[in-house]
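Enquirer: Sharing a structure with you now.
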Amino acid sequence: MPLLWLLLIVFAIAAFGYVLGRRRALVSANRDARHLHSLPSYYGWNVALKTIIPAVMLLLVWLLVQPIVVYNTISSSLPSDLVDSASSQGLLMSEISRVSDGLSTAVSKGVLSEELAASSSLDAETATAQLKEAGAVVTNDITAPVLSAAQDYRSATLSGRWIMALVVIIVAFAGAIFGLSQSNKDFRARNVVETVIRYLLIGAASIAILTTIGIVFSLVFNTIEFFRLYPASHFFFGLEWAPSFSGRGGSSELGVLPLLWGTLYISIVALIVAVPIGLFAAIYLSEYAGPKVRGFAKPLLEILAGIPTIVYGLFALLTVGPLLVSVFGDGGVLGVNWQGGGRAVMTAGIVMGIMLIPFVSSLSDDIINAVPQAMRDGSYGLGATKSETIKQVIIPAALPGIVGAILLAASRAIGETMIVVLGAGAAARLSLNPFEAMTTVTAKIVSQLTGDSDFASPEALVAFALGMSLFVITLGLNVFALYIVRKYREQYD
Amino acid sequence: MLDDTNLAETTVANDDIKIAARDVSVYYGDNQAIKGVDVDIADRTVTAFIGPSGCGKSTFLRCFNRMNDTIDICRVTGDIRLDGEDINAKSVDPVQLRAKVGMVFQKPNPFPKSIYDNVAYGPRIHGLAKSKADLDDIVEKSLRRGAIWDEVKDRLHAPGTGLSGGQQQRLCIARAVATEPEVLLMDEPCSALDPIATAQVEELIDELRQTYSVVIVTHSMQQAARVSQKTAFFHLGNLVEFGETTQIFTNPKDKLTESYITGRIG
């Protein structure tokens with residue numbers, strides 16, 4: 001039975017239970033809802049939830065456990081000579097499960113009858129031919145022991161499924177009956193439903209946290225693997241980034257410092273562009289602009305935030321880069337020859353700064369607006385001008401929040417990839433010249449993992465170490481930003 | 001300490017007119033909040049504005065230092081003269097005016113700066129101090145006038161927001177005094193304070209009368225009776241009655257005033 005059907009049946013039982021539970025509660029109160037402890041619908045939900053939750057949980061557990069059980073049963077019953085002839089038990093088992101899937105595909109396509117697929121009269125050659133005809137992935141010819149094991153595998157899986165469907169439906173019914181038996185006027189159905197809602201909310205919150213932990217772990221194991229292959233001291237203190245893809249490791253220099261320097265340099269340029277402009281824009285919008293100007297300028301500024309970063313990258317590549325070259329390059333307006341090509345720290349930094357302007361301005365605007373009007377009144381009442389008020393009262397009062405906004409912008413700048421790839425080039429370099437091409441950690445992660453990458457080589461695994469370093473840096477920045485915001489927040493009131 | 005049952009001295013110390021308001025109306029958009037009010041504020045006198053909530057007394061008070069300018073939809077008409085000079089004239093800079101007409105607000109609003117910087121704020125902006133020592137003097141003098149010097153002299157560099165509500169309000173008064181205004185406007189300065197802090201602030205107001213013209217908006221009729229020499233009663237944007245405080249509280253001419261001070265309307 002397909003899973004969808006099973007779920008639909010459970011939900012149908014729940015819907016039926018809802019109606020019955022609601023009615024039963026009403027009957028117990030002589031059809032007068034005022035005598036009920038909770039609103040009638042809560043009794044319905046109580047039954048429905050008691051039907052669905054145990055059944056669906058059982059279903060999930062079963063789906064997780066059954067393959068493991070079947071795998072272990074089949075693999076322990078395999079004749080030992082068969083295991084020896086294949087290179088490993090794991091490979092043999094994956095072959096078996098592939099054949100088993102193939103048999104199911106063949107049956108569903110009508111190439112093979114159900115009886116034949118399960119019967120021992122099916123011989124290996126016909127099976128190979130028919131599976132190939134059905135389009136199943138079969139690499140080589142199926143041998144008779146593998147076929148019979150696959151048939152066992154398939155029948156165990158299929159019967160497991162049927163038992164599961166049966167048990168799930170029984171559990172759903174049991175839950176519904178239990179819920180119905182509770183439905184009388186004194187039962188606190190509302191509290192039960194609200195408890196379930198609370199767990200639902202807890203679940204949602206834990207998914208976000210668990211995902212974060214999962215991401216960290218996926219990085220951690222690969223990072224550890226990398227440091228097993230490549231000395232950590234060379235990674236953290238190496239001044240050169242020169243991965244070699246031709247040889248198998250060894251000759252590669254994978255020092256993170258040039259990349260970190262590029263990341264920081266480009267981020268600093270970006271912040272030098274974004275912070276003053278964003279802050280001044282925020283001050284103008286929140287303090288000086290009339291409602292009409294604010295009404296169209298703010299959404300307009302926020303459109304900048306909606307532009308995909310790849311578009312900013314194109315802007316850097318096609319517009320800002322050549323423009324900078326025509327100013328700072330050979331034969332440029334200034335008559336200097338500082339910039340060789342369009343791709344440079346400046347190009348990426350400026351464009352990234354533009355990208356961050358709405359980020360800084362929108363956050364700062366909110367923070368400036370949150371400064372109580374009483375502060376402004378107090379300052380105006382003392383004969384301060386608008387500008388004095390902003391400089392001496394509003395900005396100091398909003399400073400912790402603004403610093404937080406800047407640090408959040410910084411962690412975005414550090415994580416930015418596309419603008420760097422297109423605007424700053426791919427050359428890892430330790431240099432102070434902002435008109436030279438450099439690259440960042442994120443851009444290198446992309447280039448290490450694109451194309452044919454062998455996940456066992458340090459050249460590919462270094463991407464995880466880079467990602468981990470970046471994660472630690474941005475996490476540190478975010479924690480620091482939160483700390484600053486929290487520490488000074490109490491000064492507002 | 002001033003006694004609740006005793007009315008303040010009836011003699012108005014000074015008959016010089018500090019602020020003369022004639023036919024003042026204030027509009028919030030299409031809504032008229034003040035309807036053609038005439039009031040004379042005498043020098044070195046405490047004038048109290050009383051009246052039920054929403055009667056426009058705060059709005060009217062804010063006309064005297066043009067604080068209503070900071071509200072976009074607010075429009076003021078009529079003639080207000082400070083020492084004979086029209087404060088709404090184009091030649092008058094509202095910023096300069098506010099230095100002369102100080103204001104204390106309903107809720108204590110110290111800046112998130114140190115106590116010292118809070119008081120030094122006005123003098124610094126207006127360049128009143130010639131040197132650091134001079135500024136120190138001004139700060140000390142103002143804090144003394146605000147009757148808070150003894151409580152804060154050892155922690156001048158602690159944040160002003162860390163003080164208690166009553167101390168914060170006296171700090172705000174000291175801050176307003178530091179710019180050496182000629183008139184001090186107080187918009188319900190005690191509404192956020194407990195009785196003890198209120199008594200301290202009231203005592204302070206009585207002292208400030210020696211030097212300044214004080215205008216105070218209050219919801220508490222006892223407070224008006226305790227601290228003011230003149231009282232104006234507002235109702236629905238109209239000035240109902242204006243006169244000596246004793247006369248208003250003992251022998252009101254208007255029925256409406258009488259009903260308000262006896263607690264029948266409000």
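Enquirer: About the Cα centre, and with charges only on the beta carbon of Lys, Arg (+1) and Asp, Glu (-1), how big is the dipole of segment A:358-493? Nearest 20 debye, please.
Expert: For segment A:358-493, the charge dipole is close to 360 debye.
Enquirer: From the backbone phi of segment B:149-163, what are the Karplus-calculated ³J(HN,Hα) couplings (6.51 cos²θ - 1.76 cosθ + 1.60, θ = phi - 60°) in whole Hz, Gly and Pro given as x?
Expert: Per-residue couplings from phi come out as 3, 4, 7, 10, 4, 8, 9, 5, 9, 7, x, x, 6, x, 7 Hz.
Enquirer: Among residues other than A:Gly340 whose Cβ falls under 13 Å from its Cβ, what is the net charge (Lys/Arg +1, Asp/Glu -1)?
Expert: Around A:Gly340, the surrounding residues sum to 0.
Enquirer: Additional query: What distance in nm lies between label points placed 7 Å from Cα along the C-beta direction at A:Glu125 and A:Leu430?
Expert: Placing both labels 7 Å beyond Cα along the Cβ direction yields 7.0 nm.
Enquirer: Please list A:180-190, B:159-169 highest first by mean number of surrounding beta-carbon atoms within 10 Å per residue.
Expert: So the order, starting with the most tightly packed, is B:159-169, A:180-190.
Enquirer: Quote the relative contact order of chain A in percent (integer), defining contacts as alpha-carbon pairs under 8 Å separated by 6+ residues.
Expert: Computed value for chain A: 15 percent relative contact order.
Enquirer: Taking the Cα centre of segment B:41-194 as origin, work out the dipole magnitude from +1 charges on Lys and Arg Cβ and -1 charges on Asp and Glu Cβ, in debye rounded to 20.
Expert: 180
Enquirer: For the protein assembly as shown, what is the calculated [θ] at 222 nm in deg cm²/dmol (nearest 500), taking -39500 (n - 2.57) for each run of four or more DSSP H residues and dividing by its residue count?
Expert: My calculation for the protein assembly as shown gives -19500 deg cm²/dmol from helical runs alone.
Enquirer: Sticking with the crude label model, points 7 Å out along Cα→Cβ, report the distance from A:Thr73 to B:Asp79 in nm, one decimal please.
Expert: Output for this residue pair reads 10.5 nm.
Enquirer: Another one. Which percentage, to the nearest 5, of the DSSP beta bridges contained in chain B is antiparallel?
Expert: In chain B, DSSP labels about 60 percent of beta bridges as antiparallel.
Enquirer: Which residues does a label at B:Asp93 reach in segment B:110-126, if reach means a backbone N under 13 Å from a point 7 Å past the Cα toward the Cβ?
Expert: The answer is B:125-126.
Enquirer: Moving to a separate point now. Please list, in order along segment A:366-378, the HN-Hα scalar couplings obtained from phi with the Karplus expression 6.51 cos²θ - 1.76 cosθ + 1.60 (θ = phi - 60°), rounded to whole Hz, x for Gly and Pro.
Expert: With the stated coefficients, segment A:366-378 comes to 4, 5, 5, 5, 7, 5, x, 4, 4, 5, 5, 4, x Hz.
Enquirer: What FRET efficiency comes out for B:Gln32 versus B:Lys141 if R0 is 25 angstrom and r is the Cβ-Cβ distance? Round to the nearest 0.05.
Expert: Once the sixth-power term is evaluated, E becomes 0.05.
Enquirer: What does the charge count near A:Ala289 come to, summing +1 for each Lys or Arg and -1 for each Asp or Glu among other residues with Cβ under 11 Å from its Cβ?
Expert: Within the 11 Å Cβ shell, the charges total +1.
Enquirer: Could you pull out which residues in segment A:158-194 have an amide N less than 14 Å from a spot 7 Å beyond the Cα of A:Ile53, following the Cα-Cβ vector?
Expert: Those under the cut-off are A:175-176, A:178-180, A:188-194.
Enquirer: Let me ask something additional. How much net charge surrounds B:Asn118 when only the other residues with a Cβ under 12 Å from the Cβ of B:Asn118 are counted, with Lys and Arg +1 and Asp and Glu -1?
Expert: +3
Enquirer: Counting partner chain Cβ atoms within 10 Å of every residue's Cβ in B:94-101, what's the average?
Expert: 3
Enquirer: Mind putting a number on the dipole of segment A:100-162 about its Cα centre? Charges go on the C-beta only, +1 for Lys and Arg and -1 for Asp and Glu, and I need it in Debye to the nearest 20.
Expert: 220
Enquirer: Would you kindly state how much longer the chain becomes between A:Ile268 and A:Leu3 on full extension, computed as 0.36 nm times their sequence separation minus their alpha carbon distance, in nm to one decimal?
Expert: Extra length available between A:Ile268 and A:Leu3 comes to 90.0 nm.
Enquirer: Let me ask something else about it. Taking R0 as 45 Å, what FRET efficiency do you get between A:Arg198 and A:Phe480 from their Cβ-Cβ distance, rounded to the nearest 0.05?
Expert: It comes out at approximately 0.85.
Enquirer: May I pose another question? Of the listed peptides A:342-348, A:303-309, B:232-238, what is their order by residue-averaged count of other C-beta atoms within 10 Å, with the highest listed first?
Expert: Ranking the peptides A:342-348, A:303-309, B:232-238 by packing returns A:342-348, B:232-238, A:303-309.
Enquirer: Just counting partner chain Cβ atoms within 10 Å, what average do the residues of peptide B:102-114 show around their Cβ?
Expert: 5
Enquirer: Same structure, new question: Please give the peptides A:474-480, A:361-367, B:93-99 ranked by average Cβ packing (other Cβ atoms within 10 Å per residue), highest first, as a rough proxy for protection.
Expert: Highest to lowest by the protection proxy: A:361-367, B:93-99, A:474-480.
Enquirer: Along the charge dipole of the protein assembly as shown, Cβ charges K/R +1 and D/E -1, which of A:Ser431, A:Phe359, A:Gly295 sits furthest on the positive end?
Expert: Working it through, the farthest residue towards the positive pole turns out to be A:Gly295.
Enquirer: If you stretched the chain out fully between A:Val336 and A:Asp366, how much longer would it get, using 0.36 nm times the residue separation minus the C-alpha to C-alpha distance?
Expert: 6.5 nm
Enquirer: Another question, then. Using a 10 Å cut-off around each Cβ of peptide A:383-390, what is the average number of partner chain Cβ atoms that fall inside?
Expert: 5
Enquirer: Using DSSP, restrict attention to beta bridges with both residues in the protein assembly as shown and report what percent are antiparallel, rounded to the nearest 5.
Expert: The answer is about 60 percent antiparallel.
Enquirer: Assuming R0 = 45 Å, what is the FRET efficiency of A:Glu302 and A:Val65, from their Cβ-Cβ distance, to the nearest 0.05?
Expert: 0.35
Enquirer: In nm, to one decimal, how far is the A:Ala33 label point from the A:His234 one, both placed 7 Å along Cα→Cβ?
Expert: If labels sit at A:Ala33 and A:His234, their model points lie 7.4 nm apart.
Here, each number is a calculation from the coordinates, and none is a lab measurement. The structure displayed is predicted, hence computed values, not measured ones. As a convention, Cβ positions derive from the backbone with ideal geometry for all residues, glycine included, and neighbour counts pool all protein chains shown.
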